[in-house]
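The values are calculated or read from the model by the stated rules, or taken from the named source; none is laboratory data. Model, not experiment: these values are computed from the prediction. Ideal geometry is used to build each Cβ from the backbone, glycine not excepted, and the neighbour counts take in all protein chains shown. Each accessible area value is taken on the protein alone, full model and side chains, heavy atoms only, with ligands, DNA and RNA left out. Shrake-Rupley method; radii C 1.70, N 1.55, O 1.52, S 1.80 Å.
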Amino acid sequence: MSKGGLEPAAAACLFPPLGAFVDGVGGVVLFARDIRNPEQLAELTASLRAERPDLLIAVDEEGGDVTRLEAADGSSFPGNLALGAVDDVALTRRVGAAIGGELAAVGVNFDLAPVADVIVDAANPIVGVRAFGSDPVLVSRHVAAFVEGVQSVGVAACAKHFPGHGESVADSHLELPSVETDRETLFARALPPFAAAVEAGVQAVMTAHVRFAAFDDEPATLSSQVIGLLRSELGFDGLVMTDALEMRAVSGTVGLEEGAVQALAAGADALCLGADLTRDQVESIQAAIVRGVNEERLREAAARVAQTAAWASSPKPHHDREAGAEAARRALRVEGDPTLSGEPLFVELRPEATIAAGEARHGLGGIQVREGEELPPLEDLGRVVIVVRDAHRHAWQRELVPAGAIVVETGVPDWRPPQARAWIATYGAGRVNLEAVAELLGGPDET
């Protein structure tokens with residue numbers, strides 16, 4: 001890894017069993033901390049491929065809140081909830097192609113997107129604006145369109161988190177969520193978007209570290225029944241990869257070594273690990289795999305990693321940021337009169353960031369207020385714009401919103417402030433979403 005310009009443990013390994021032992025690691029997952037700018041990233045991916053030409057290089061580039069390429073300034077593309085709000089599958093396909101094309105331009109050939117989860121409970125902190133919506137039919141058509149867009153430029157897509165993280169309210173980064181939803185409901189609500197992804201030819205599917213009682217007592221990542229369902233019922237024969245094994249849902253229950261062995265035995269083909277692990281820990285996992293998984297299963301898994309890498313060997317650069325701007329503008333939902341009495345004064349009520357998205361470095365400017373802080377004196381409410389995020393999940397935000405102000409919701413628009421003069425929903429907090437709001441209100445062009 002260090003030869004590729006990465007510090008030790010700076011990126012997660014996409015670990016193909018057997019192939020990792022014989023030919024070297026099968027892939028890497030890069031994070032925001034590995035990326036400074038497009039030129040540096042292109043040099044990094046080229047240096048990695050100088051070591052192994054058929055390497056899968058992946059990032060979580062979902063658009064909107066979850067971006068790695070544009071983590072410093074915010075994404076040029078809205079996330080899934082905004083695309084679902086517009087509900088134009090051609091536009092979603094176009095955005096997918098634009099995201100895939102930007103990845104291709106810097107040597108990334110594997111996008112860990114789209115999120116195919118359905119919003120079941122708006123209190124879920126993991127899914128939220130990363131999902132296309134709460135209607136399985138709408139989510140399904142946009143999952144398919146996004147997959148088609150990304151893969152139209154030769155970048156492999158990965159639908160996640162099978163069989164549906166939207167069914168839970170807990171965060172699998174921190175604990176093992178358990179879902180009691182019955183089998184019939186899961187088939188009607190959670191599985192259709194994944195079936196749509198498979199029908200669209202998705203190259204990979206990522207499992208959820210969530211226990212589904214309707215199937216068994218194991219997290220889906222470690223469940224032969226759940227992965228078998230993906231193979232048999234949905235007919236998927238591509239790459240099954242795990243979410244990061246160091247997440248507490250696995251590492252805090254069965255442990256890393258046993259989790260790796262059980263995931264492979266259950267049918268996973270690639271293990272995502274290493275971002276927060278030492279070299280000794282990775283070598284210990286490798287030894288556990290050698291001891292605990294039979295060679296036939298390892299060869300099958302390694303072959304699927306190789307097959308995906310071959311499919312994604314020639315990605316095609318493509319640039320279309322206007323697709324993102326159009327989608328963000330069309331997604332805006334405006335209620336009331338957003339006319340300002342003067343230059344807008346933005347007051348952002350910022351909650352703690354989710355682990356998946358990370359702390360945003362961009363915003364609308366103005367004043368930032370955190371939980372436990374008070375609003376400063378606001379003399380002219382006619383020009384005050386209160387920016388909230390997932391206010392339905394944060395009572396402190398709801399309590400701070402003054403009557404008569406314009407309120408901008410940048411998360412899931414599940415709470416409408418009753419005394420707001422105007423309410424604007426962006427369906428995401430990507431840079432392009434905030435630029436669309438600034439344009440609407442006559443604020444600054446840059447965030």
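Among the listed values (1) 64, 56, 42; (2) 65, 62, 53; (3) 70, 48, 40, the one computed from these coordinates for Cα extents along the principal axes in Å is (3).
Of the peptides 297-310, 138-151, the ranking by mean beta-carbon count within 10 Å, highest at the top, reads 138-151, 297-310.
What 222 nm value per residue comes from the helices of the chain, counting each DSSP H run with n ≥ 4 as -39,500 (n - 2.57) and dividing by all residues, nearest 500 deg cm²/dmol? Present the calculation step by step, with values, prior to reporting the outcome.
Working: 14 runs with 149 residues, N = 447.
That comes out to -10000 deg cm²/dmol.
For segment 52-62, 3J(HN,Hα) computed residue by residue from phi via the Karplus equation (6.51, -1.76, 1.60; θ = phi - 60°) reads 8, x, 9, 6, 7, 10, 10, 9, 8, 10, 8 Hz, glycine and proline entered as x. Please label the shape of segment 220-376 as rounded, prolate or oblate, based on the square roots a ≥ b ≥ c of the eigenvalues of the alpha-carbon gyration tensor (a/c under 1.5 means rounded; beyond that, a/b larger than b/c means prolate, else oblate). Prolate, because a/c is 1.5 or more and a/b exceeds b/c.
Just the number, please: percent antiparallel of the DSSP beta bridges in segment 310-447, rounded to the nearest 5. It would help to have the intermediate numbers written out before the result.
Working: 4 of 20 bridges.
The answer is about 20 percent antiparallel.
Heavy-atom accessible surface of E359, to the nearest 10 Å², is about 100 Å², with a 1.4 Å probe and all protein chains retained. Orientation-averaged projection of segment 97-238 equals 8.0 nm² [convex hull of Cα atoms, one quarter of hull surface area]. Summarising the amide proton neighbourhood of V384: residues at separation of 5 or more, or on other chains, whose placed amide H is nearer than 5 Å comprise L345, I406. Near the amide H of V29, within less than 5 Å, lie the amide hydrogens of A12, C13, L14, A58, all on another chain or at least 5 residues away, with H placed in the peptide plane. For E184 and E51, the FRET efficiency from 1/(1 + (r/R0)^6), where r spans their Cβ atoms and R0 equals 51 Å, is about 0.55. Pairs of C-alpha atoms in segment 174-285 farther apart than 16 Å represent 58 percent of all such pairs.
Based on the alpha-carbon set only, what is the convex hull volume of segment 48-172 divided per residue, in Å³? Before the final figure, lay out the partial values.
Values: hull volume 13.8 nm³, N = 125.
Per-residue hull volume (Cα only) is 111 Å³.
Rg/Rh, computed from the Cα trace of segment 248-326 with Rh as the Kirkwood radius, has the value 1.16.
Set the Förster distance to 45 Å, then compute FRET efficiency between R330 and E283 from the Cβ-Cβ distance, nearest 0.05.
Numbers: r = 50 Å, r/R0 = 1.12.
My answer for the efficiency is 0.35.
Heavy-atom accessible area with a 1.4 Å probe sorts T207, T278, T181, largest first, into T278, T181, T207.
Return one quarter of the surface area of the convex hull spanned by the alpha-carbon atoms of segment 213-257, equal to its mean projected area, in nm². Intermediate values should be presented prior to the final figure.
Values: hull surface 14.1 nm².
The orientation-averaged projected area of the Cα hull of segment 213-257 comes to 3.5 nm².
What's the ranking of 255-265, 231-241, 40-50 by average number of surrounding C-beta atoms within 10 Å, highest first? Walk me through the numbers on the way to the answer.
Numbers: 255-265: 22.3, 231-241: 18.5, 40-50: 16.8.
Ranked from most to least packed, the peptides come out as 255-265, 231-241, 40-50.
Placing R0 at 30 angstrom, the Cβ-Cβ distance between I367 and D121 gives a FRET efficiency of 0.45 after rounding to 0.05. When nucleic acids and ligands are ignored and a 1.4 Å probe is applied, E295 ends up with an accessible area of around 100 Å².
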